[in-house]
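What follows is a single structure, written as C-alpha cells, with notes after it.
The values are calculated or read from the model by the stated rules, or taken from the named source; none is laboratory data. Owing to the predicted nature of the structure, the values given are computational and were not obtained by experimental measurement. All Cβ positions, even for glycine, are placed from backbone atoms using ideal geometry, and neighbour counts span all protein chains on display.
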C-alpha cells in the first residue's frame, strides 16, 4: 500500500486518478434518497413515518439516510409523477383510514425510474474510518487509548452483528416477498462477513497491543 516515493524519498499515498473534488455529499445523498424511497414504496404504499421504519429495519443497517431529506424528496417525487397519494386505509396501505398523514404509492413512471437507476453503474463508496486513522498513527499516542477505542468498536460491532443475524433469521422464515428474499439474504450476508472480519481485526490488534501479535 505504501512504498518509496520520488525525489527526496518521500512516500506517496495518493492513488492515480484520485478526484480531489468529489460530488457534493448533499447532492449524492439526495439522489440516493430518491431511489431508496421508490424501492421502499415498491414494497407497498406507506406514509413518511412508515417509510422511515422500513428503511431503519432494512437498508438502514448499511446505509445511513438523512431524515431531513425524506419529506422534501417525497414532495419532489410527487411533483415528478414518480409517486402519487392514496387514501389512508386503502388496500395495501399501512395506515388506518382517518389518520391525517399522507400515504404514497409508486407509479409506473416511478418503477421505470427505479429500474433505470438499477441498470446504471454504482458509485464507489468513500471510505472514512477514524479508528483506522488512529491505528495508523498509534505510535504517536498512548496504547491504552487505542485499546479503549478498539474495544469500544468491537462492542458496537458485536451488537450490529446480532442485529444482522436477527435479520437473517427473519428473512429465512419469511413467507412473503419470495421473489426477492435471496437478494435480501445476500445483502445481509455481506454485512455479516464485513462485521466478522472487523471482529477478527479487533482481536488481532488487541493481541498486538498485548505483545502477542506478529510483526
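So here's what we get for this one:
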quantity	calculated
Residue within the stretch 181-202 that is outside the structural domain of residue 56 (by TED's automatic domain parsing) and on the phi > 0 side of the Ramachandran plot present	no
Unmet requirement for residue 146, which otherwise passes all of (1) touching a residue at least 24 places away in the same chain (Cβ under 8 Å); (2) touching a helix residue (DSSP H, G or I) at 6+ places or on another chain (Cβ under 6 Å); (3) within 29 Å of residue 42 (Cα to Cα)	(3)
Selected residue (only one of 178, 193 is free of Cβ contacts under 8 Å to residues at least 12 places away in the same chain, in a loop (DSSP other than H, G, I, E, B) and loosely packed, with under 13 Cβ neighbours inside 10 Å)	178
Some residue of the stretch 62-76 being over 16 Å from residue 167 (Cβ atoms), crowded, with 18+ Cβ neighbours inside 10 Å and in contact (Cβ under 8 Å) with a residue 40 or more places away in the chain	yes
Number of the condition not met by residue 184 [criteria: (1) closer than 14 Å to residue 131 by Cβ; (2) touching a helix residue (DSSP H, G or I) at 6+ places or on another chain (Cβ under 7 Å)]	(1)
Residue 162, sole failed condition from (1) surrounded by 12 or more Cβ atoms within 10 Å (Cβ to Cβ); (2) at pLDDT 95 or above	(1)
Any hit, the stretch 116-136, residues being under 18 Å from the mean Cα position of the chain (by Cα), in a helix (DSSP H, G or I) and surrounded by 10 or more Cβ atoms within 10 Å (Cβ to Cβ)	yes
